[in-house]
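Inspection log for the structure reproduced underneath, given as structure tokens.
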Amino acid sequence: MAVADAAVREHDAGHRPGGISSSLLGMVLFIASEVMFFGGLFGAYFTIRSAATQWPPPETPHLETWYAAILTATLVTSSVTMQFGVWAIRKNDQRRLVLWLVVTLVLGVAFLAGQANEYRQLIDEGMTLSSGVFGSTFFTLTGFHGAHVAGGAAFILIVLLRARSGQFTARHHDTVEMASYYWHFVDVVWIGLFSTIYLLR
């Protein structure tokens, strides 16, 4: 009986307000490693840019800043709706959790579709991964980010399917929090990419 009571106390300790579970800590450490990864990509971009006599190089297709701004607004909005989902499950509102996860997923897919459309237009204008240094850096940076968004969308889909089965409660929803951490991360990275590639040219 004493062993059972100790196990309950240990389980409850992992859910104390203000604390962080091992799974959430693992996600934080994973995101930290991803920050270093993207930091290296940003560093390479600025190194190449500083060495170029003209940036972007001549005859580079024009990037539509207004279009990228729409994509940015879409992704930022999805981050907000993801947080609404977290707040909903913290109040044990499973119905609203499902609703906000669906909205977040739709916005994430819309962002990816918009990025794919931009790629198509740029490729039609002659800019590819191998067309020059600007094309290489652009597609590498945005492509890796797009892959992370796709991974995050898959994660949210899994969370959504579990949420529809009623697997999360106000007390047990670490997986929802993990998905929100990751989604906010890809949102912040995109804001950095948008500012670097589209606004600081």
Subject >> Extreme residue, positive dipole direction of the chain, given options Gly40, Phe30, Val189 (C-beta unit charges) >> reply: Phe30
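Computed over the Cα atoms of the stretch 93-146, what is the ratio Rg over Rh, Rh following Kirkwood? Intermediate values should be presented prior to the final figure.
Working: Rg = 15.9 Å, Rh = 12.9 Å.
Taking Rg over the Kirkwood Rh, I get 1.24.
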**OP:** Return the loop-located GluC sites (Glu not before Pro) in the stretch 20-84 (DSSP other than H, G, I, E, B) with at most 16 other Cβ atoms within 10 Å of their own Cβ; answer none if there are none.
**Re:** Glu59, Glu64
**OP:** Have a look at His172, His148, His62 and tell me which one the Gaussian network model of the chain (Cα, springs below 10 Å) gives the largest fluctuation.
**Re:** His62
Subject >> Where labels lie 7 Å past Cα in the beta-carbon direction, separation of Trp87 and Arg49 in nm >> reply: 3.4 nm
**OP:** Could you tell me which of rounded, prolate or oblate describes the stretch 32-100, using a ≥ b ≥ c as the square roots of the eigenvalues of the alpha-carbon gyration tensor, with rounded for a/c under 1.5 and, failing that, prolate when a/b is larger than b/c and oblate otherwise?
**Re:** oblate
**OP:** Please quote Rg/Rh for the stretch 152-201 to two decimal places, taking the Kirkwood radius as Rh and restricting both calculations to Cα atoms.
**Re:** 1.21
**OP:** Give me the distance in nm between label points sitting 7 Å out from Cα along the Cα-to-Cβ direction at Ala73 and Ile20, one decimal.
**Re:** 3.4 nm
Original post:
When the gyration tensor of the stretch 47-196 is built from Cα positions, what are the square roots of 5 times its three eigenvalues, in whole Å, from largest to smallest?
Top reply: 36, 13, 12
Original post:
Where does the charge balance sit around Phe185 when Lys and Arg score +1, Asp and Glu -1, over other residues with C-beta under 14 Å from its C-beta?
Top reply: -3
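Values quoted throughout were computed directly from the atomic coordinates according to the rules given, and no laboratory measurement underlies them. Note that this is a predicted model, so its numbers are computed, not measured. Every residue, glycine as well, gets a Cβ built from its backbone with ideal geometry; the counts of neighbours run over all protein chains shown.
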